[in-house]
Amino acid sequence: MLIEAQDITVAIGGRLVLDGESVHCKPGTITALVGASGSGKTTLLHSLGLLLPVNKGSIRINGNDVTRYSTTARRRFWRDHAAFVLQDYGIMDEESVAFNVTMQASIIGRRVSGNKEQLIQSLEETGLTGRENELAGHLSGGEKQRLALARAIYKDADVLFVDEPTASLDAGNRRMVIKLLTDFALRGQTVIVSTHDSEMIDACNVLHQVGSKARFIKEDKEDNYENNF
Ligand SMILES: Nc1ncnc2c1ncn2[C@@H]1O[C@H](COP(=O)(O)OP(=O)(O)OP(=O)(O)O)[C@@H](O)[C@H]1O
């Protein structure tokens with residue numbers, strides 16, 4: 001799924017937070033939104049995910065202008081195509097790990113509720129096998145992050161929006177999360193992350209510098225970036 005923002009401007013509480021951002025996020029790639037703290041990475045991520053309205057400019061999904069989508073149409077996009085791993089992870093602490101993985105898909109009724117095979121696979125990929133009956137509230141921060149990703153794997157969404165996926169994770173968890181996101185992209189899914197972690201940035205295909213109109217396309221996994229702005 002191709003997600004494109006063209007020259008978008010977002011003002012919050014009368015303050016200009018994004019000023020003319022343009023970014024193209026392609027299927028099979030990880031796009032990193034990078035920049036200093038407060039530059040607007042999270043705001044841009046939310047705008048691309050249709051969680052936040054833009055004041056000017058346009059957002060296109062597979063070429064269709066969705067900037068003025070109705071609430072119903074946005075809900076349909078979230079339900080049918082998107083997965084979000086945002087900063088609080090959206091985990092229900094009083095429910096089990098398994099419930100948390102399957103709840104979104106079950107509630108929306110997109111997948112057959114209780115798809116055991118997919119649950120087993122998503123737990124395996126995130127290193128949570130055997131933990132399915134534990135209360136999610138008992139998981140550590142890194143484990144909750146992985147649980148949120150397990151939910152995204154279970155949902156098998158076309159596009160994944162992830163806010164600071166590796167922030168405050170230890171080296172082992174960070175590596176696992178980066179691998180999971182790389183696997184999403186390898187499966188042809190569109191992955192968009194906001195990050196300031198150099199290891200995460202290394203694994204991304206496109207870097208978008210929020211606030212500077214700069215965009216870098218990584219030609220390979222070495223240090224060479226083609227400056228493309
Ligand atoms: N709901 C809001 N109300 C008021 N100001 C907001 C709101 N959301 C974002 N902002 C402001 O917009 C600016 C950009 O915030 P944003 O969270 O997008 O930055 P960021 O680059 O993700 O920062 P960080 O790296 O610190 O997470 C900040 O100055 C922030 O205070």
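Every number in this text was worked out from the coordinates using simple rules, so none of it is lab data. Just so it is clear, the structure is predicted and the values come from calculations on it, not from any experiment. A quick note on method: Cβ atoms are made from the backbone with ideal geometry, for glycine too, and the neighbour counts reach across all protein chains shown.
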Among all stretches of the chain without exposed trypsin sites (Lys or Arg not before Pro) (DSSP loop, at most 10 other Cβ atoms within 10 Å), which one is longest? 69-220
Nearest 10, in degrees from 0 to 90: the angle of helix 71-80 to the longest Cα principal axis of the chain is 50 degrees
Compute the long axis of helix 97-108 from its Cα atoms, compare it with the longest principal axis of the Cα atoms of the chain, and write down the angle in degrees, 0 to 90, nearest 10. 60 degrees
So what are the ³J(HN,Hα) numbers for region 120-129, from phi and the Karplus equation (6.51, -1.76, 1.60; θ = phi - 60°), rounded to whole Hz, Gly and Pro as x? 4, 5, 5, 5, 5, 5, 9, x, 10, 4
Subtracting the Cα-Cα distance of D93 and R175 from 0.36 nm times their residue separation yields 27.1 nm
Roughly what would the spin-label model give for D156 and T71, points 7 Å off Cα along C-beta, in nm? 3.1 nm
Quick one: check the C-alpha center-to-center distance for region 117-184 versus region 1-54, whole angstrom. 24 Å
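Given the rule -39500 (n - 2.57) for each run of at least 4 DSSP H residues, summed and divided by the residues of the chain, what is its mean residue ellipticity at 222 nm, to the nearest 500 deg cm²/dmol?
-10000 deg cm²/dmol
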State whether the chain is rounded, prolate or oblate according to the following rule on the C-alpha gyration tensor (a ≥ b ≥ c being the square roots of its eigenvalues): a/c under 1.5 gives rounded; otherwise a/b larger than b/c gives prolate, and the remaining case gives oblate. prolate
Compare the Cα positions of I120, A203, L160 along the charge dipole of the chain (+1 at Cβ of Lys, Arg; -1 at Cβ of Asp, Glu; about the Cα centre) and return the one farthest towards the positive end. L160
